[in-house]
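Only the coordinates and a few stated rules stand behind these numbers; no lab work does. Nothing here was measured: the structure is a model prediction, and the numbers come from that model. Virtual Cβ from ideal backbone geometry, glycine too; neighbours counted across all protein chains shown.
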Amino acid sequence: MAFVHDYLTQFGGAERVLLELHRLYPEAPVYTSLYDPYAFDGRLAGIDVRTTYLQKIPGGVRHFRALLPLYPRAFESLDLRDFDLVISSTTSFAKGVFVGPRALHISYVNTPTRFLWYPDEYAAELTPPIARPVLASITPWLRRWDVEAAQRPHVLVANSRNVAERIAAIYHRPSEVVHCPAEIDAFAPEAQVGDYYLVMTRLLPYKRVALAIEACAQLGERLIIVGSGPDERHLRTLAGPSVEFAGRVDDEQRRHLIARARAVIVPGVEDFGLVALEAAAAGRPTAAFAAGGSLETVVEGETGLFFSQPNAQALAQTLRALQAMAFDPTRLQAHARRFAPDVFRTRMTALIERSLHEFWRRNAT
């Protein structure tokens, strides 16, 4: 069997999912468009990573977003005829590979292709800005290809009910939900809780970090913002002295910051929302906007509270309510445990085995 992933140029949630999937078949190769080994700090050591011809383009790894028009053909050119099982892990192009006539293709979809279907969210990440009109000009063609490519896998798996609804709306296909794994074993409650609230996300306009800045300012509370992105300069103009921009942090810093936070704030609409589960594993509650994946990762009154209006006043009111509540770390951790990596692997193994059985039965007739 073989895995296919969009690109291995940065390490994030989609890549964590790929690594968990690969644990099911540790000898399998991973096909991808581009690979930057320096972005993974040895996490892919020992894995057979095979790239497309895009790897040979000078500067392609660094400027991988500039190659958007080239990805469809690159993935279609991959020769996967020797494999009887292909699992793609995708947010964009990997689902579009061709497999052999007797091969089963299962695609784990972290989100429908964001820059095509949610351009307001993605545009701020495009660099340089001159790329934006170019993207707009090719979007109709890429959308047609994306919908066609989404019909190629035999089975679609969504990382959340939220994403399953998006898949149905955009690709007009059903999908099975297997929640993506949270590395909960790395987190634990700490004896001392700090005096700050915490936002941990890419700094993009649609993440609505400005709401957290304004809400904490209204309450006179300290806020730590972890992450980087094109919206940082604007956010700094909004922030007062009680707001700290921590930038990127390593895994150990991440664990301690979450475990010592009064609460984690999720002000935007997330596809899934791993940070709320990491907070629960550390015994800390979450204040989240009541939409998207947060509705699956936060339990109202048990692991956190929701705010339903996307404004600072509503968030500030929710933070006040959190301050008056006591959350049971044991119940928080029990909730997080439902999304543990071993649970993910067990569910994926069952799905793969069932899908293979059904596929072989159909092909035997």
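Couple of notes before you dig in:
- Pair list, Cβ < 9 Å and 6+ apart or interchain, from region 239-261 residues that are within 18 Å of A182 (Cα to Cα) to residues that are among the hydroxyl-bearing types (S, T, Y): L257/Y196
- Of the strands (runs of 3 or more DSSP E) contained entirely in region 3-114, those carrying at least 2 residues that are touching a residue at least 60 places away in the same chain (Cβ under 8 Å), touching a strand residue (DSSP E or B) at 6+ places or on another chain (Cβ under 8 Å) and under 24 Å from W360 (Cβ atoms) fall at 85-90, 104-109.
- If you go through region 161-195 and keep only what is surrounded by 16 or more Cβ atoms within 10 Å (Cβ to Cβ), among the small types (G, A, S) and closer than 30 Å to E221 by Cβ, you end up with just A182.
- Tally, over region 189-204, of residues that are more than 23 Å from E15 (Cα to Cα) and either under 19 Å from the mean Cα position of the chain (by Cα) or touching a residue at least 24 places away in the same chain (Cβ under 8 Å) (or both): 9
- Taking the numbered list (1) crowded, with 18+ Cβ neighbours inside 10 Å; (2) polar (S, T, N, Q); (3) over 23 Å from R81 (Cβ atoms) in turn, S33 passes all entries but (3).
- Yes/no for L198 being buried (at least 21 other Cβ atoms within 10 Å of the Cβ) and in contact with a Leu (Cβ under 7 Å, 6 or more places away or on another chain): yes
- Those residues of region 62-96 which are within 21 Å of L142 (Cα to Cα), of a type in the set (A, V, I, L, M, F, W, C) and surrounded by fewer than 24 Cβ atoms within 10 Å (Cβ to Cβ), in sequence order: F64, A66, L67, L68, L70, A74, L78
- Residue in region 315-327 that is of a type outside the set (G, A, S), free of Cβ contacts under 8 Å to residues at least 24 places away in the same chain, assigned to a helix (DSSP H, G or I) and over 30 Å from H22 (Cα atoms) present: yes
- Scan of region 133-151 for residues that are more than 16 Å from P119 (Cβ to Cβ) and of a type in the set (D, E), ordered by number: E148
- Some residue of region 253-274 being part of a helix (DSSP H, G or I) and among the polar types (S, T, N, Q): yes
- Scanning region 234-252 for residues being assigned to a strand (DSSP E or B) and not aliphatic (A, V, I, L, M) gives a total of 3.
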